[in-house]
Each structure stands twice: as structure tokens, then as C-alpha cells.
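Asker: Quick one: this structure, given as C-alpha cells, is what I'll be asking you about.
Derivation of every value follows stated rules applied to the coordinates shown; laboratory data play no part. Please read all numbers here as calculations on a predicted model, not as lab measurements. Because the Cβ atoms are built from the backbone with ideal geometry, glycine has one as well, and the counts that use them run over all protein chains shown.
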Amino acid sequence: MLFEEERKRQIAEYVHQQGRASVQELANNFQVSESTVRRDLKDLEVQELLQRTHGGAVAVMQNDNIEPSFLEKEDRFQQQKLAIARTALSFIREGDTIMLDSGTTTYHLAKLLKNFQRLTVVTNSVMVAQELANEKNIELLLTGGTLRPETLAMVGPFAERAIESVHVDKLFLATNGFDSEAGLTTPNLIEAATKKRMIRSADQVFLLADHSKFGKISFSRFGDPEDVTTLITDSLASPAILQVFEEIGIVVALADHGGVIQ
């Protein structure tokens with residue numbers, strides 16, 4: 001038996017994948033009553049995750065819902081991502097307990113952690129785990145979960161339960177889109193739910209996002225702009241956009257190829 005929020009996520013993803021679905025089809029697939037499905041569809045429509053129709057629901061079309069592979073993303077804005085990673089490193093202290101989300105910029109950050117003598121790293125990233133596996137001074141905790149081939153992230157209920165059981169000083173978070181109104185978004189509902197759990201588990205949230213992520217809105221929302229403590233981005237970011245984030249209360253750290261611009 002699925003919990004209510006988990007069922008809603010799966011219903012939204014099912015409709016998104018199939019394009020449309022009837023109430024009866026959803027009731028049969030998720031083994032709940034048709035009245036329960038109708039209530040779920042109403043809530044999901046309010047969240048703008050689908051559109052109700054007579055007798056069912058259809059997927060909504062939103063921006064930037066195509067998920068590039070990890071390797072495809074790694075080649076984009078590589079110098080900017082390296083600069084962001086170097087700047088993020090300056091916020092980490094000996095003895096910290098940190099969480100690294102799965103992403104190309106967080107992977108670059110992982111490569112810079114090897115000089116620490118005492119550090120605890122929690123991650124859902126296969127690439128980060130592989131990078132840090134042989135570092136004796138780093139206590140490495142893996143979340144487990146279902147592996148998404150597109151992002152090489154471990155996600156889903158197993159990952160979420162592991163994340164719920166820990167508390168970290170700092171989360172270094174990745175995103176597909178960041179908008180001052182829509183917040184943090186990503187194409188996949190299951191991965192969004194895992195990211196949401198990460199945010200709840202951290203004292204401070206550092207968003208590592210190059211300039212191309214701003215103003216983009218993907219299918220699934222996993223956080224508010226106010227959830228971000230510090231935004232670390234590159235010097236190609238629009239000053240006007242960054243000013244809006246600062247007015248929200250986010251600390252903005254700009255990185256160039258040489259380090260941090262204050």
C-alpha cells in the first residue's frame with residue numbers, strides 16, 4: 001500500500017509518461033477507489049503537474065523536460081562548473097558532515113575533497129561514490145535506492161528513507177532549473193522527491209548552478225527559492241536575476257575561472 005504523497009507522485013509520473021490516463025485505469029493500476037483517484041487528480045492539477053479531463057487526466061507540457069545524460073551535461077559549461085566547484089570548496093571545513101547531490105558540478109566538487117583529513121560525505125551519486133571510494137580520511141555513506149541511468153543518481157523510497165535518517169551540516173545541491181517564482185525544478189518526479197528530502201536533512205543548502213539554469217522550469221518542483229541558503233554560480237549570470245535572488249534573502253557567491261568574486 002502506497003502512502004498518499006508517494007501515490008500522487010507515481011500517478012503524476014504515469015500520466016506524464018503515457019500522455020493521458022482514465023480514472024478507471026489509474027484506480028486499477030494503483031489499487032485504490034475511483035473517488036480517491038479523482039481527489040488525487042484534483043490535488044495534482046492544483047500543483048500544475050497534470051490537467052484533469054472528463055473521466056481522467058492528460059499530461060501538461062512544460063519547459064525543459066528532456067533529461068540530458070550525465071555525460072552530455074558534463075561537457076556543457078565545463079570551465080564555469082569547475083569554478084563553481086572551487087568556490088563551493090571554500091565553504092567546507094574540516095570535520096563537516098556534508099551531502100553531495102548527483103550532478104556534474106557536485107562531481108567536480110567531489111574531486112576536490114581529497115585533501116581533507118576529517119570529512120563525512122553522504123551521497124546518492126554513483127559518480128561521487130566512485131570518486132571518493134578509496135579516500136581513507138573521508139567517511140562515505142551511500143543512500144542506496146533505484147539507479148536512474150540518465151543522471152546516475154540513486155533515488156526513490158529506499159534513498160529517501162536513508163536520507164531521512166541522517167542530518168548534515170551542508171547540502172550541495174544540483175538542479176535543472178531555478179526560477180525566482182517557480183523555485184527548484186527537475187524533469188523527474190521521483191528524483192525531485194529525493195532532492196526534497198535532502199533539503200529537509202540539511203542545516204544549510206548550497207545550490208551549485210551555472211548561469212544556464214536560471215529562469216528554466218522543468219516538470220517537477222522540489223523546493224522554494226527560500227530553501228536555498230547560498231547560491232554559487234558563475235560570472236556569466238545576469239546581475240538582474242542575481243539581484244532578485246539576493247532580495248529573497250539568498251547569499252550569492254560568484255565564481256570565475258580564478259575563484260570567487262565578492
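Asker: Quick one: among Ala110, Ala59, Ala27, which has the greatest mean-square fluctuation in a GNM of the chain with alpha-carbon springs under 10 angstrom?
Answerer: Ala27
Asker: Normalised by the residues of the stretch 4-58, what does the relative contact order come to in percent, with Cα pairs under 8 Å and at least six apart? Write down the numbers at each step before the final one.
Answerer: Details: 49 pairs, mean separation 23.1, N = 55.
This gives 42 percent for the stretch 4-58.
Asker: Can you list the lysines whose alpha carbon is less than 30 Å from that of Lys216, not counting same-chain residues fewer than 8 positions off?
Answerer: Reachable lysines: Lys8, Lys42, Lys73, Lys81, Lys111, Lys170, Lys195, Lys196.
Asker: Using Cα positions and a limit of under 15 Å, work out the aspartates and glutamates in reach of Lys114, with same-chain residues fewer than 8 apart set aside.
Answerer: Glu94, Asp96, Glu131, Glu135, Glu139
Asker: If you average the sequence gap of Cα pairs under 8 Å that are 6 or more apart and divide by the length of the chain, what percent do you get for the contact order? It would help to have the intermediate numbers written out before the result.
Answerer: Numbers: 536 pairs, mean separation 44.1, N = 262.
Reported as a whole number, the value is 17 percent.
Asker: Right, another one. Which one, Ser125, Ser235, Ser165, has the greatest fluctuation when you compute a Gaussian network model over the chain with C-alpha springs under 10 angstrom?
Answerer: Of the options given, Ser165 has the highest mean-square fluctuation.
Asker: Which of Met154, Met99 has the fewest other C-beta atoms within 10 Å, and how do the rest follow up to the most? Kindly include the intermediate steps, with their values, before the conclusion.
Answerer: On the way: Met154 23, Met99 26.
If I rank by nearby Cβ atoms, fewest first, I get Met154, Met99.
Asker: May I pose another question? By counting other Cβ atoms within 10 Å of each Cβ, how are Met127, Met198 ranked from fewest to most?
Answerer: Values: Met127 21, Met198 26.
Ordered by Cβ neighbours within 10 Å, fewest first: Met127, Met198.
Asker: Report the Cα centroid-to-centroid distance between the stretch 225-245 and the stretch 160-193 in angstrom, as an integer.
Answerer: Each part reduced to its Cα centre gives a spacing of 17 Å.
Asker: Could you list Glu4, Glu160 so that the one with the fewest beta carbons within 10 Å of its beta carbon is first and the one with the most is last? Mind dumping the intermediate values first?
Answerer: Numbers: Glu4 12, Glu160 22.
With the fewest neighbours first, Glu4, Glu160 line up as Glu4, Glu160.
Asker: Can I ask one more? Amide H to amide H, which residues 5 or more places from Arg20 or on other chains are under 5 Å from it, using H placed in the peptide plane?
Answerer: Amide H neighbours of Arg20, under 5 Å, 5+ apart: Ala59.
Asker: Would you mind computing, in nm to one decimal, how far apart the modelled labels at Asp203 and Ala27 are, each placed 7 Å from Cα along Cα→Cβ?
Answerer: Placing both labels 7 Å beyond Cα along the Cβ direction yields 5.1 nm.
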